[in-house]
Amino acid sequence: MDKAAASAPGKVILFGEHFVVHGTPAIVSSIGLRAKVEASKISEEAVLLEGFGDENPAVIASKYILRKTGCRTGLSLRISSEIPQSVGLGSSAAVAVASAAAALMACSKALDSSLVLEAAHEGEKVVHYTPSGIDTSVATYGGAGVFSRDEGYTQVDFDLEYLLILNTGKLRRTGDLVRKVKEFADKNPNRFKEISEEASRIVQEALEALEKGDLPYLGKLMNRNQALLREIGVSSPELEDAISALLKAGAYGAKLTGAGGGGCAIAIADYASLDEIIHKLSVSGYSVIKARLVVEGVRAEPLSSPP
Ligand code: MEV
């Protein structure tokens, strides 16, 4: 095959980001926004991605696939993505996963999820510093569930279909925030341990609430989780304003999602009031979307133009 295309979804972390890097579990769901990558064979022995250098997760993940499968070709990658970048929605992981899958299929191999995950994880190390693997796991397998460094990703049936995502538009780098949390943990080991234990309890309570579809309680847990994220220094004035606006407009609870420091806030609200909340916030100048949760993981896509 000379060309192949694949796509993978973005994600939201509902509970437990950052603490997951230090070993506690987190709850994550795929979202209905996807990144698509088309990989075309080229004669030059390189992986090319227009506008990006070699130190890019998509390029590294694709090179990993070529090396592991002994596929002797170069590749040109073309990305089209619905996932906004650098705002906590797993864009780089989705692009790395889709690139690895497209590279694999361009080499006429079947889509092997565990190899794709391995390749994308190698790529993510460039941008994430010490990635837990949560973003690449959910982009690969889709659905929703619990992730921990020790146990990996376990899918769980959620009774939660939609949540609100408010993009503050402030871009940031995951690696910088992961480093900042490590500094906090190194300086305040006892407090960090207590906070991590509370984060772990929130995850356990949230799993029960998700099973029952108890939206008001999930909202309360989000507020509790946000207080912990604020204390370890990963919130920001933009996020705090966004969260206050979401709560004032009627959400049950809200928090940052992903690395924080800007990026997106998420909120849980009664499904019947989602559109009204979006409207109220748009009047105040915020851009909010109703995101569908629990979607399909990496998959083959038709080519935009036939080979
Ligand atoms: C990034 O989406 C989530 C973090 O917990 C980092 C990671 O788990 O790799 C901040």
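The values are calculated or read from the model by the stated rules, or taken from the named source; none is laboratory data. Computed from a prediction, not measured in an experiment: that's the story for all the values here. In this analysis, Cβ positions are derived from the backbone assuming ideal geometry, glycine residues included, and neighbour counts consider all displayed protein chains. The protein model used for the area step is the full one, side chains on, heavy atoms only, and it has no ligands, DNA or RNA in it. Shrake-Rupley method; radii C 1.70, N 1.55, O 1.52, S 1.80 Å.
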For residue 283 and residue 2, extending 7 Å from Cα along the Cα-Cβ vector and measuring point to point gives, in nm, a value of 5.7
Expressed as a percent, the accessible surface of the chain that is carbon or sulfur, using a 1.4 Å probe and the full set of protein chains, is 49
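Using per-residue counts of other Cβ atoms within 10 Å, averaged over each peptide, order 3-10, 243-250, 34-41 from highest down. All intermediate terms of the calculation are to be shown ahead of the outcome.
Details: 3-10: 27.0, 243-250: 19.0, 34-41: 23.9.
Packing proxy ranking, top to bottom: 3-10, 34-41, 243-250.
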Note to self: with every protein chain in place and a 1.4 Å probe, the chain gives an accessible area per residue in Å² of 43
Rounded to the nearest 500, the 222 nm mean residue ellipticity computed for the chain from DSSP H runs (n ≥ 4, each -39500 (n - 2.57)) alone is -14000 deg cm²/dmol
For residue 44 the rounded accessible area (nearest 10 Å², probe 1.4 Å, non-protein molecules ignored) is 100
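For region 138-226, please report how many Lys pairs fall under 26 Å Cα to Cα, leaving out neighbours fewer than 8 apart on the same chain.
7
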Taking Cα atoms only, helix 274-283 is inclined relative to the longest principal axis of the chain by an angle, in degrees rounded to 10, of 90
Descending packing, highest mean Cβ count within 10 Å first, for 279-291, 197-209 is 197-209, 279-291
As straight-line cross-link partners of residue 41, the qualifying lysines (C-alpha separation under 19 Å, not fewer than 8 residues apart within one chain) are 3, 63, 68, 109
At the level of C-alpha centres, the distance separating region 16-50 and region 188-236, in angstrom, is 25
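Could you tell me which of rounded, prolate or oblate describes the chain, using a ≥ b ≥ c as the square roots of the eigenvalues of the alpha-carbon gyration tensor, with rounded for a/c under 1.5 and, failing that, prolate when a/b is larger than b/c and oblate otherwise?
Details: a/c = 1.93, a/b = 1.61, b/c = 1.20.
Verdict is prolate for the chain.
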